[in-house]
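Worksheet: one structure, shown below.
The values are calculated or read from the model by the stated rules, or taken from the named source; none is laboratory data. This one's a predicted model, so the numbers in the text were calculated from it and none came from an experiment. Note: ideal-geometry Cβ built from the backbone for every residue, glycine included; neighbour counts use all protein chains shown. Surface areas here come from the heavy atoms of the whole protein model, side chains and all, with no ligands, DNA or RNA. Shrake-Rupley method; radii C 1.70, N 1.55, O 1.52, S 1.80 Å.
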Amino acid sequence: MSSIEQERHMEFSRSIIEGVEIKLCRNDPHAYKHHVHNELSLGYIVEGSTDLTLNDRAIHYGSGDGVIIPPLMTHRCAPNDINHWAYVMLFVDPEYYSEIVIFSQAKKLTGNQAQKLISFIEQLLIEKIPDTLENILIELLLEFGEKGITETTAANTSDNVKTIHDYILNHVNDDITLNKLQQISGLNKFSIIRNFKKLYLTTPAAYHLQYRVAEAKRLLSKGADVFDVCEELRFYDQAHLIREFKKMYGITPGTYLEQVKR
């Protein structure tokens, strides 16, 4: 069961990082009124359907459809049934992204694009580490935004990204933050995520986690204690290691060790 499904019968508001908030709104009569938000709004319909008026046009949205509304765009929802109406919305302060990506048009997301947005929001709700949350958020904004004209592209971007890659390999046991990666590479956070993903198909935080899991596997195969491995590689607890290990290898560490001993 997803995080949203577990909380679909309650309302919540959750701060992700400074300037970024996720809300689940249910049966909200405010939706009927024309209004604007200072923030960029990205979200999807959890339950019910609505006609969403954006400036002078109305678009029908149903359960599972995604929506992107730029800052300060007048809009109004007209849910078909206010008693069966819920949506999740991510609000992002434009100061966070405006120099790198642009959101100039409202969009309706369906199919794979809507599922991709839902997946990003699910990850933001589950993840606990602030820096990993920011990796996910930046990946989301790069996925759905337009490239900003003020983003600078260094001639040695590829070399800088490889520097980041090597740093991760040499600091598997350390906390690795985007701020630190900015310092060693000279790239801004958005350029780091965009270009690292081009070369290595994932974000620095996700790659670091994958490497930690691989290192955990190596240590366990040499007889290291599971608790010590969790401590050394900075997993929250054994459950965290087991979950990530199974994601990568399809089996738990215990099953893996049984196979190794055969």
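From the list Glu134, Glu143, which one is out of contact with any Cys (no Cβ under 6 Å at 6 or more places or on another chain), surrounded by fewer than 17 Cβ atoms within 10 Å (Cβ to Cβ) and in a helix (DSSP H, G or I)?
Step by step, each of Glu134, Glu143 is checked, and only Glu143 is out of contact with any Cys (no Cβ under 6 Å at 6 or more places or on another chain), surrounded by fewer than 17 Cβ atoms within 10 Å (Cβ to Cβ) and in a helix (DSSP H, G or I).
If we scan the stretch 209-223, do we find a residue that is touching a Phe, Trp or Tyr at 6+ places or on another chain (Cβ under 9 Å) and closer than 16 Å to Tyr167 by Cα?
Yes, that holds for at least one residue.
Any residue at all in the stretch 58-72 that is modelled with pLDDT under 75, open to solvent by 30 Å² or more (accessible area, probe 1.4 Å) and part of a loop (DSSP other than H, G, I, E, B)?
There is no residue in the stretch 58-72 that is modelled with pLDDT under 75, open to solvent by 30 Å² or more (accessible area, probe 1.4 Å) and part of a loop (DSSP other than H, G, I, E, B).
Of a type in the set (Ser, Thr, Tyr), closer than 22 Å to Ile100 by Cα and surrounded by 12 or more Cβ atoms within 10 Å (Cβ to Cβ): does that describe Thr252?
No, not satisfied.
Looking at Val226, Val260, can you tell me which residue is farther than 20 Å from Leu133 by Cα, touching a residue at least 12 places away in the same chain (Cβ under 8 Å) and exposed (fewer than 15 other Cβ atoms within 10 Å of the Cβ)?
Result: Val260 is the single residue among Val226, Val260 that is farther than 20 Å from Leu133 by Cα, touching a residue at least 12 places away in the same chain (Cβ under 8 Å) and exposed (fewer than 15 other Cβ atoms within 10 Å of the Cβ).
Say whether the condition of being at pLDDT 90 or above and small (Gly, Ala, Ser) is met by at least one residue in the stretch 154-163.
Within the stretch 154-163 (the criterion being at pLDDT 90 or above and small (Gly, Ala, Ser)), the answer is no, since none of the residues qualifies.
If I filter the stretch 29-40 for residues that are basic (Lys, Arg), at pLDDT 90 or above and either more than 21 Å from the chain's Cα centre (by Cα) or open to solvent by 20 Å² or more (accessible area, probe 1.4 Å) (or both), do I get at least one hit?
no
Every residue in the stretch 229-246 that is surrounded by fewer than 13 Cβ atoms within 10 Å (Cβ to Cβ) and touching a residue at least 12 places away in the same chain (Cβ under 8 Å), please.
Tyr236
Okay, residues lined up against (1) more than 20 Å from the chain's Cα centre (by Cα); (2) of a type outside the set (Val, Ile, Thr):
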{"position": "Thr163", "(1), (2)": "yes, no"}
{"position": "Lys180", "(1), (2)": "no, yes"}
{"position": "Ser185", "(1), (2)": "yes, yes"}
{"position": "Leu199", "(1), (2)": "no, yes"}
{"position": "Leu209", "(1), (2)": "no, yes"}
{"position": "Leu219", "(1), (2)": "yes, yes"}
{"position": "Gly223", "(1), (2)": "yes, yes"}
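May I ask you to list the residues in the stretch 83-107 that are in contact with a Leu (Cβ under 8 Å, 6 or more places away or on another chain) and assigned to a strand (DSSP E or B)?
If the condition is that a residue be in contact with a Leu (Cβ under 8 Å, 6 or more places away or on another chain) and assigned to a strand (DSSP E or B), then Ala86, Tyr87, Val88, Met89, Leu90, Phe91, Val92, Val101 are the ones that fit.
Quick check on Thr53: is it polar (S, T, N, Q), in a strand (DSSP E or B) and surrounded by 14 or more Cβ atoms within 10 Å (Cβ to Cβ)?
yes
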